[in-house]
Amino acid sequence: MQKRIKQVEASFLKEIAGVSQPADLENIRVKYLSRKGQIARLFSGLKDVAAEDRPSVGQQLNALKSKAESIFSERKQQFESASKGDEDIDLTLPGRRAVLGHKHPLSIVQDEIKFIFRGMGFRVEDGPEIETDYYNFEALNMPKNHPARDMQDTLYITEDILLRTHTSPVQVRVMKSQQPPVKIIAPGRVYRRDTPDASHSPLFHQVEGLVVDEGINFGDLKGVITAFAHKMFGSDIKVRFRPSFFPFTEPSAEYDFNCVFCRGKGCRVCKNTGWMEISGAGMVDPNVFESVGYDSEKYTGYAFGMGVDRIAMLKYGISDIRLFFENDMRFLSQF
Ligand code: DAH
């Protein structure tokens, strides 16, 4: 009897190891594990075993049966999971498209501004965002305690070091390192101590412009700004300059473009004025030339600022500046 048990076990193990398809597995089940299978038959033979040997032979048989059953169900599972894997793969489905990254709307607009000015012969310059009081204020004709400093709420790091409140300090850095003629723009981040709302953000973007040479006049400034407005928003857009004050320009102006939504007719967005404020500009103040060591008798120049976030809001019809900085993919993926 013991020999029979060993034989059945050996042939079962051999056959189940050689199974290559589900039908083979079923044959093995019938042959060994069914009610009339070989293991069941061994159990029927138990009654012929001598009474004193019966408990130990019975134990061996039970062990064989549970071993065979567990090996069988393990194999069966292997086949099931393998075939299920096949069902999951639908070879007719289209592939998954890789998501392409894309530019932030402010980068798109900044690149477009750079492209337009490069086309008019401007070079692109850069300057640090952490500035000294000297470059941000002093050299721009705003000495300590000058009331014009209050126009820009400043984030100070130390008494002398601050986050630049505008891109105008790049004017000073460029003029200190280059001789005229100068024709540059300087795009970049600027910072102000403002509470965020729909039109204010403590971080925003400007593009500074500066042109210095012999014989540069206000007409040149108007021409360049007008050409920019036409290229950016269309040639029907008119530009106007209003007298204003900045310590680093004399005379100074603020300039407006026709509202890009109603093209000057008046609408809700421009509060029926037909105009949109863009930024400030003017002729470089001789005091600024003095502080960078340019001869203010020989050279004249103009400078202008430009709000990138503002222009992007106009271009895309965005009513809240905070959207640019929240990184909500639902917003960003539209550009
Ligand atoms: N820096 C000024 C600001 O942030 C804008 C500005 C005004 C820039 C006049 C200029 C300028 O270059 O000439 O408010």
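The values are calculated or read from the model by the stated rules, or taken from the named source; none is laboratory data. Bear in mind that the values here come from a model prediction, so they are computed numbers and not experimental data. FYI the Cβ positions are ideal-geometry reconstructions off the backbone, even for glycines, and counts take in every protein chain you see. What goes into the accessible areas is simple: the full protein's heavy atoms, side chains included, and nothing from ligands, DNA or RNA. Shrake-Rupley method; radii C 1.70, N 1.55, O 1.52, S 1.80 Å.
Data table
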quantity	calculated
Matching residues in segment 1-17 - criterion: being exposed (fewer than 11 other Cβ atoms within 10 Å of the Cβ) and either over 14 Å from GLU74 (Cα atoms) or not assigned by TED's automatic domain parsing to the domain that holds LEU61 (or both)	LYS3, ALA10, LYS14
Scope segment 125-145; condition in contact with a Ser or Thr (Cβ under 8 Å, 6 or more places away or on another chain) and either outside the structural domain of PHE289 (by TED's automatic domain parsing) or assigned to a loop (DSSP other than H, G, I, E, B) (or both); matching residues	GLY127, ASN141
Condition met for LYS65 (within 20 Å of ASP24 (Cα to Cα) and touching a helix residue (DSSP H, G or I) at 6+ places or on another chain (Cβ under 9 Å))	yes
Leading residue by the ranking (most open to solvent (accessible area, probe 1.4 Å)) among those in segment 31-66 that are without any contact (Cβ under 8 Å) to a residue 24 or more places away in the chain and more than 15 Å from MET1 (Cα to Cα)	ARG35
Test: residue in segment 235-247 that is away from the ligand (no atom under 16 Å from the Cβ), surrounded by fewer than 14 Cβ atoms within 10 Å (Cβ to Cβ) and of a type outside the set (Ser, Thr, Tyr)	yes
Close pairs (7 angstrom Cβ cut-off, 6 or more residues apart or separate chains): over 18 Å from GLN206 (Cβ atoms) in segment 127-144, open to solvent by 50 Å² or more (accessible area, probe 1.4 Å) anywhere	THR132/ASP160; THR132/ILE161; ASP133/ASP160; ASN141/ASN287
Residue tally, condition in contact (Cβ under 8 Å) with a residue 60 or more places away in the chain and either surrounded by 21 or more Cβ atoms within 10 Å (Cβ to Cβ) or in a strand (DSSP E or B) (or both), over segment 165-186	11
Identity of the residue in segment 187-202, part of a strand (DSSP E or B) and farther than 28 Å from MET120 by Cα, that ends up nearest to the ligand (Cβ to nearest atom)	TYR191
Residue match in segment 300-317 (condition: within 16 Å of the ligand (Cβ to nearest atom), more than 36 Å from the chain's Cα centre (by Cα) and assigned by TED's automatic domain parsing to the domain that holds TYR255)	yes
Check on THR154, under 17 Å from VAL292 (Cβ atoms) and either within 12 Å of the ligand (Cβ to nearest atom) or open to solvent by 50 Å² or more (accessible area, probe 1.4 Å) (or both)	no
Single residue of segment 109-124 satisfying the filter (touching a helix residue (DSSP H, G or I) at 6+ places or on another chain (Cβ under 6 Å) and assigned to a helix (DSSP H, G or I)) that is surrounded by the most Cβ atoms within 10 Å (Cβ to Cβ)	VAL109
Filtered residue count, segment 203-216, keeping only those that are surrounded by fewer than 18 Cβ atoms within 10 Å (Cβ to Cβ) and either within 14 Å of the ligand (Cβ to nearest atom) or more than 26 Å from GLY127 (Cα to Cα) (or both)	2
